[in-house]
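To start, the structure itself, in structure tokens.
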Amino acid sequence: MKVPLLDLAAQYASIKPEIDAALDRVVASQRFVLGPVVQACEEAVADYVGSAHGIGVSSGTDALLVALMAEDIGPGDEVVTTPFSFFATAGAIARVGATPVFVDIDPVTFNIDPALIEARITARTRAILPVHLFGQMAEMAPIMEIARRHGLAVIEDAAQAIGAHHDDHTAGSVGHYGCFSFYPTKNLGGYGDGGIVVTDDPARAEKLRALRVHGETTRYHHRFVGGNFRLDALQAAVIHAKLPHLECWTEARIANAAMYRGLLDSSAALGLPRVVTDRHVFNQFVVRVADRDRVQARLTAAGIGTAIYYPVPLHLQECFAELGYPPGDLPNAERAANEVLALPIFPELTAGQIRHVAQNLVDIVLYG
Ligand SMILES: *Cc1c(COP(=O)(O)O)cnc(C)c1O
């Protein structure tokens, strides 16, 4: 039996008529960039998240970038963030000319440790950029409190966490901006690149809308220097058609995670994901294992797909060498980078596939 890390074809097969009809309508309209299909998608996603405004953009990366631009964050400014995330989190900060300031993670959740944030705030700090990694929300209550005390913006990187919630707050709706990705591997994935920024603030929404079209407010009149960060209608049509299924897919991910837990719980050599919030949406199911690379190689040989998110923490990336973080500086992130292993968790996995993955993993961990 082969078990891929992700099988997008299975999902497409389950919704093919709806998707094909939505795509056909866009092609028939010949309206490919922004327009009514994009607007309908924006409203539906913002409504799902529980935010007043949604601004569709070209990717999750550009969602972060345009949010930072909307705050006029740039050279000389600092943004406090996590070292354990996809590169875009810190890349967006660097691309506006600001300096990412990395704070170590909580080893239980892999998310930024709020207790370490305040010590890194300076007169130059403009924003906090927490990531809801793997589908579980960062601790937003203390983060919002710190931001309020210091007058900082909060930009949530919710790319992996659509539908996650805790204490009546949903991922992306707590901070001043919530940034989502529609990259195909995300829980709500399009058929290419796409993303959205949500916000409750009408002034911020208006600025985001201008920035995604080169800062244009009326045709050929530019109040800001923005970029081409537009969402195209084919992606919006796919996202809008998939959205009604998202809850069902998320519940399937949660059920798959529970099944893994039942099968793997007794293996002391494995660190299982800990759920400390009301709803973890399991974009990834990530275990910790000491001799990770060997275990991954054995699973690969057995036909089981896995991945390492992420092998190099951001503060140790070559492009950030000049920031001067020595190895050992952020030990929880560095340890996680050496131990994490993501297992297949996509909604369409069968019980037989989950048992097969768990059995192989336990055998490899126990018997080598
Ligand atoms: C996927 C992802 C992004 C970037 O999204 P893209 O749509 O690929 O640009 C940013 N942050 C995190 C945490 C992600 O997982």
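The values are calculated or read from the model by the stated rules, or taken from the named source; none is laboratory data. Given the structure is predicted, the values throughout are model-derived calculations rather than measurements. A quick note on method: Cβ atoms are made from the backbone with ideal geometry, for glycine too, and the neighbour counts reach across all protein chains shown. With ligands, DNA and RNA removed, areas are computed over all heavy atoms of the protein, side chains included. Shrake-Rupley method; radii C 1.70, N 1.55, O 1.52, S 1.80 Å.
Here are the numbers for this structure:
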item	result
So Thr81, is it modelled with pLDDT of 95 or more, under 19 Å from Leu211 (Cβ atoms) and within 12 Å of the ligand (Cβ to nearest atom)	no
Where Tyr177 falls short, out of the listed (1) open to solvent by 20 Å² or more (accessible area, probe 1.4 Å); (2) at pLDDT 95 or above; (3) within 20 Å of Ala46 (Cα to Cα)	(1)
Residue tally, condition assigned to a loop (DSSP other than H, G, I, E, B), over 27 Å from Gly227 (Cα atoms), of a type in the set (A, V, I, L, M, F, W, C) and away from the ligand (no atom under 11 Å from the Cβ), over the range 84-109	2
Subset of the range 139-159 [open to solvent by 10 Å² or more (accessible area, probe 1.4 Å), of a type in the set (D, E, K, R) and within 16 Å of the ligand (Cβ to nearest atom)]	Asp157
The range 6-23 - residue that is exposed (fewer than 13 other Cβ atoms within 10 Å of the Cβ) and not small (Gly, Ala, Ser) and, of those, farthest from the chain's Cα centre (by Cα)	Pro17
Checklist (1) touching a helix residue (DSSP H, G or I) at 6+ places or on another chain (Cβ under 6 Å); (2) outside any loop (DSSP other than H, G, I, E, B); (3) buried (at least 21 other Cβ atoms within 10 Å of the Cβ) applied to Thr217, failing item	(3)
Contacts under 6 angstrom Cβ, first residue in the range 348-368 being under 27 Å from Ala13 (Cβ atoms), partner part of a helix (DSSP H, G or I) and open to solvent by 50 Å² or more (accessible area, probe 1.4 Å), 6 or more apart	Ile354/Met259; Ala358/Leu263
The range 49-61, residues that are more than 7 Å from the ligand (Cβ to nearest atom), open to solvent by 20 Å² or more (accessible area, probe 1.4 Å) and not in a loop (DSSP other than H, G, I, E, B)	His53
